[in-house]
Structure formats: structure tokens, C-alpha cells
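The structure under discussion appears below in the form of C-alpha cells.
The values are calculated or read from the model by the stated rules, or taken from the named source; none is laboratory data. It should be emphasised that the depicted structure is a prediction, and the values quoted were computed from it without experimental measurement. Using ideal geometry, Cβ is built from the backbone for each residue, glycine included, and neighbour counts are taken over all protein chains shown.
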Amino acid sequence: MKIQSYRDLLVWQKAMELVVECYKFVSSLPKNETYGLISQVQRAAVSIPANIAEGQGRDHLGDYLRHLSIANGSLKELETHLLLIGRLGYRPEQDAEPMLVQCAEVGKMLSGLSKSLRGNR
């Protein structure tokens, strides 16, 4: 299948699903974390598909690869925030596991896309 839009990318679709799960996950955190962890989780999660989309929309391969790298950095940031929520006792640590599995899947897909694009240089 020819990729005509970032929306055709499975990695973008999976990243969007991860955003939805993260928003649900942080909705039960204490209100005093509204401008702390809640905001950080939401910002990092949204950054992943947003950077995939922005990179795919760029004219230069180098820009695309840079945005995929930024998306991967946001993914690692998100994982850290999810782990911290458990360590702080806001949610049981195992509650974040499904999202951490999604993070690993998106991470592998980002890596594969980056490698594929670098091979096309």
C-alpha cells in the first residue's frame, strides 16, 4: 500500500491509540497534579503522533528523520512519567503496564520506519 498521508502509517495510528489510553489513565490522578504529571503525560503522549505527522509532511528526508527522533524522545519521556506515577503511589505500578507495552510497540515501529527511511537515502 502506498503511503499517501501520515494517517496511513500504522505507527501514527498506534501512537494515537496510546494518546487516548494515556488521557484515560491520568484522568484519575489527584487534581494537584493537573499542572504537573497530568500535563506532562498528556504533552509527551500527544507529541509522539504529532511529530510523526509533522515529519511525514516535511519536504526533506533529514527533517522527517529528525521528527521521528523527537517522537522517540517523547516516547521515552512518556514511559518515564508513567513509571513515576506508580513510584509516587498515585496508581499501582502494574496499571501502567498496558501503556508501557504500547510504548514498546510504537518504539519498535519508529525504529523500523527510521531504518527504512535511512536505507532510502
Exercise. Yes or no: Ser69 out of contact with any helix residue (DSSP H, G or I) (no Cβ under 6 Å at 6 or more places or on another chain), among the hydroxyl-bearing types (Ser, Thr, Tyr) and over 14 Å from Gln102 (Cβ atoms)?
Worked result: yes
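Per-residue answers, yes or no, for (1) within 18 Å of Ser28 (Cα to Cα); (2) touching an Asp or Glu at 6+ places or on another chain (Cβ under 9 Å):
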{"position": "Gly73", "(1), (2)": "no, no"}
{"position": "Lys76", "(1), (2)": "no, no"}
{"position": "Leu83", "(1), (2)": "yes, yes"}
{"position": "Pro98", "(1), (2)": "yes, yes"}
{"position": "Val101", "(1), (2)": "no, no"}
{"position": "Ala104", "(1), (2)": "no, yes"}
{"position": "Met109", "(1), (2)": "no, no"}
{"position": "Ser116", "(1), (2)": "no, no"}
Problem set entry | Test: residue in the range 8-21 that is over 15 Å from Val106 (Cβ atoms), surrounded by 13 or more Cβ atoms within 10 Å (Cβ to Cβ) and either touching a Phe, Trp or Tyr at 6+ places or on another chain (Cβ under 9 Å) or at pLDDT below 95 (or both) | no
Seminar exercise, completed: In the range 77-106, residues that are in a helix (DSSP H, G or I) and either free of Cβ contacts under 8 Å to residues at least 12 places away in the same chain or loosely packed, with under 12 Cβ neighbours inside 10 Å (or both) total 8
Problem set entry | Exclusive hit being closer than 14 Å to Gly107 by Cα, modelled with pLDDT of 95 or more and in contact with a His (Cβ under 9 Å, 6 or more places away or on another chain), set Ile52, Ile70 | Ile52
For this session: Select from the range 107-121 the residues that are exposed (fewer than 11 other Cβ atoms within 10 Å of the Cβ) and among the small types (Gly, Ala, Ser) and write down the one among them that is nearest to the chain's Cα centre (by Cα).
Result: Ser116
For this session: Give the number of residues within the range 29-50 that are in a helix (DSSP H, G or I) and either crowded, with 16+ Cβ neighbours inside 10 Å or touching a helix residue (DSSP H, G or I) at 6+ places or on another chain (Cβ under 7 Å) (or both).
Result: 13
For this session: Consider Ser69 carefully, then state whether it is among the small types (Gly, Ala, Ser), surrounded by fewer than 18 Cβ atoms within 10 Å (Cβ to Cβ), touching a residue at least 24 places away in the same chain (Cβ under 8 Å) and not in a helix (DSSP H, G or I).
Result: no
Exercise. Any idea how many residues of the range 62-106 are aliphatic (A, V, I, L, M) and more than 15 Å from the chain's Cα centre (by Cα)?
Worked result: 4
